[in-house]
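The values are calculated or read from the model by the stated rules, or taken from the named source; none is laboratory data. Bear in mind that the values here come from a model prediction, so they are computed numbers and not experimental data. Backbone-built Cβ (ideal geometry, glycine too); neighbour counts: all protein chains shown. SASA here: full protein model, heavy atoms, side chains in, ligands and nucleic acids out. Shrake-Rupley method; radii C 1.70, N 1.55, O 1.52, S 1.80 Å.
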Amino acid sequence: MKRERIFLSPPHMGGNELKYIEEVFQSNYIAPLGAFVDRFEKSVKEYVKTKNALALSSATAALHLALRVLEIDKDDEVLASTFTFIGSVAPILYQRATPIFIDSDYKSWNVDPNLLEDFILKRKKENKKLPKALILTHLYGQNAEIEEIFFLCEKYGIILIEDAAESLGATYKGKATGTFGKLGAYSFNGNKILTTSGGGMLVGDDEKLIERARFLSTQAKEPYLHYEHKTYGYNYRLSNVLAAIGVGQMEVIEDRVKKKREIFDWYREFLDPFEEIEFMPELLNSRGNRWLTTITFKKTNPLKVIEYLEKHNIESRPLWKPMHMQPLFKDAQRVVNGVSEDLFKRGLCLPSGTAMKKEDVEFISSLIIESME
Ligand SMILES: Cc1ncc(COP(=O)(O)O)c(C=O)c1O
């Protein structure tokens with residue numbers, strides 16, 4: 001009998017989602033507004049301790065609205081993590097702005113604050129304008145060096161936007177990632193730590209910005225019966241049906257973080273004795289959500305391991321291909337040091353679904369060991 005497929009990070013319902021969907025059907029608010037949209041916003045707001053939250057169709061939409069409300073457009077440059085997923089930076093292109101990619105360090109796998117500072121100081125020395133904003137990703141749910149980066153952004157007047165799509169539940173010194181910057185975005189896509197099948201949340205303490213984003217997310221309709229438009233918006237709101245799933249999911253967020261971290265510890269128990277393997281680090285004072293357990297090999301080609309696991313019906317994946325290596329961005333500016341390129345070549349994302357058992361992790365680990373060079 002073929003083993004059931006083990007996915008990278010499949011949805012894991014908490015238990016109340018269907019009941020809440022039924023409530024939505026009873027209310028007949030099958031629409032991109034309603035009581036569950038409000039409840040979902042409230043639960044995220046309270047959990048990450050921010051003053052405002054806006055439920056949207058995706059984190060990509062949230063980041064797009066962030067740039068739009070900050071009035072970033074074709075004359076602006078935006079710094080961004082190069083080691084990230086396209087959803088993080090496509091919004092820069094939607095706004096016709098210019099991305100500049102910043103590389104990572106081995107300490108966090110996220111933006112290297114020294115590289116960022118060097119870039120800023122070089123620009124200052126040349127008397128050139130600084131980019132308007134930085135979109136900082138907290139990769140695989142592990143925190144970037146947020147204190148240092150926040151400080152640099154404050155000092156040099158660069159607006160910090162956090163791409164916390166993968167890092168709901170992660171904290172630095174007890175404060176949620178996504179709430180350090182002016183605006184932050186979380187994803188509830190099907191593979192995330194929590195899911196609404198597809199969904200996102202824009203958060204921030206600045207009420208005016210979030211309310212402006214709310215207005216733009218519903219086609220920028222001025223308050224007239226006939227709808228009047230002074231500008232254009234988007235159809236980016238989250239359905240009340242999906243928000244009901246979100247409310248159910250938020251009830252189990254802490255259990256999910258705990259389980260993701262436990263899965264990481266299991267992998268470490270089985271794989272750490274092998275010098276060939278290293279794990280994604282965690283910064284001091286941080287609690288990452290370990291959305292995906294990720295490793296690097298010293299010599300083994302990760303594609304071989306992926307192939308071997310696939311033969312056993314197990315999904316795994318390379319690390320994100322850095323943006324500056326993407327054909328789309330072949331001409332884009334970059335400040336690179338080789339770190340993300342190296343991690344990409346040697347790295348692997350391991351199955352990290354929160355319904356996994358220790359035996360699954362043991363089995364996957366044994367296959368990895370078998371396939372290693
Ligand atoms: C780092 C990162 N940024 C942005 C996104 C975009 O999120 P969404 O799929 O909700 O648009 C994702 C995930 O999909 C992501 O992993």
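Tell me, yes or no, whether the range 29-50 has at least one residue that is aromatic (F, W, Y) and within 16 Å of the ligand (Cβ to nearest atom).
Looking for residues that are aromatic (F, W, Y) and within 16 Å of the ligand (Cβ to nearest atom), one finds at least one in the range 29-50, hence yes.
Residues to consider are K45, K107, K74; find the one that is more than 30 Å from F363 (Cβ to Cβ), of a type outside the set (D, E), open to solvent by 10 Å² or more (accessible area, probe 1.4 Å) and touching a strand residue (DSSP E or B) at 6+ places or on another chain (Cβ under 6 Å).
Only one candidate passes the filter, namely K45.
The rows are residues; the columns are (1) farther than 26 Å from I135 by Cβ; (2) outside the structural domain of S365 (by TED's automatic domain parsing); (3) open to solvent by less than 60 Å² (accessible area, probe 1.4 Å).
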residue: P281; (1), (2), (3): no, no, yes
residue: L284; (1), (2), (3): no, no, no
residue: R290; (1), (2), (3): no, no, yes
residue: K298; (1), (2), (3): yes, no, no
residue: K304; (1), (2), (3): yes, no, no
residue: E307; (1), (2), (3): yes, no, no
residue: K311; (1), (2), (3): yes, no, no
residue: R317; (1), (2), (3): no, no, no
residue: P322; (1), (2), (3): no, no, yes
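Each row is one residue, and each column tells you yes or no for (1) touching a residue at least 60 places away in the same chain (Cβ under 8 Å); (2) of a type outside the set (S, T, Y).
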position	(1), (2)
L56	yes, yes
I72	yes, yes
D76	no, yes
L79	yes, yes
P91	no, yes
Y106	yes, no
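Every residue, every condition in (1) in contact with a Gly (Cβ under 6 Å, 6 or more places away or on another chain); (2) open to solvent by 40 Å² or more (accessible area, probe 1.4 Å); (3) under 24 Å from T171 (Cβ atoms), yes or no:
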residue	(1), (2), (3)
I263	no, no, yes
R334	no, yes, no
P351	no, no, no
I369	no, yes, no
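Quick grid of which residues meet (1) surrounded by fewer than 20 Cβ atoms within 10 Å (Cβ to Cβ); (2) under 24 Å from L8 (Cβ atoms):
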site	(1), (2)
K129	yes, no
Y140	no, yes
E145	no, no
A164	no, yes
G169	no, yes
Y172	no, no
Y186	no, yes
N189	no, yes
L209	yes, no
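L63 - would you say it is at pLDDT 95 or above, more than 15 Å from the chain's Cα centre (by Cα), surrounded by 22 or more Cβ atoms within 10 Å (Cβ to Cβ) and within 16 Å of G199 (Cβ to Cβ)?
It is false that L63 is at pLDDT 95 or above, more than 15 Å from the chain's Cα centre (by Cα), surrounded by 22 or more Cβ atoms within 10 Å (Cβ to Cβ) and within 16 Å of G199 (Cβ to Cβ).
Here is a list: R346, R334. Which entry is charged (D, E, K, R), touching a residue at least 12 places away in the same chain (Cβ under 8 Å), farther than 20 Å from L8 by Cβ and touching a Phe, Trp or Tyr at 6+ places or on another chain (Cβ under 8 Å)?
R334
Quick one: what pairs do we get from the range 28-47, first residue under 11 Å from S239 (Cα atoms), second charged (D, E, K, R) and open to solvent by less than 70 Å² (accessible area, probe 1.4 Å), C-beta under 6 Å, 6+ apart or different chains?
Here the result reads P32/R237, each pair linking the range 28-47 to a residue that is charged (D, E, K, R) and open to solvent by less than 70 Å² (accessible area, probe 1.4 Å).
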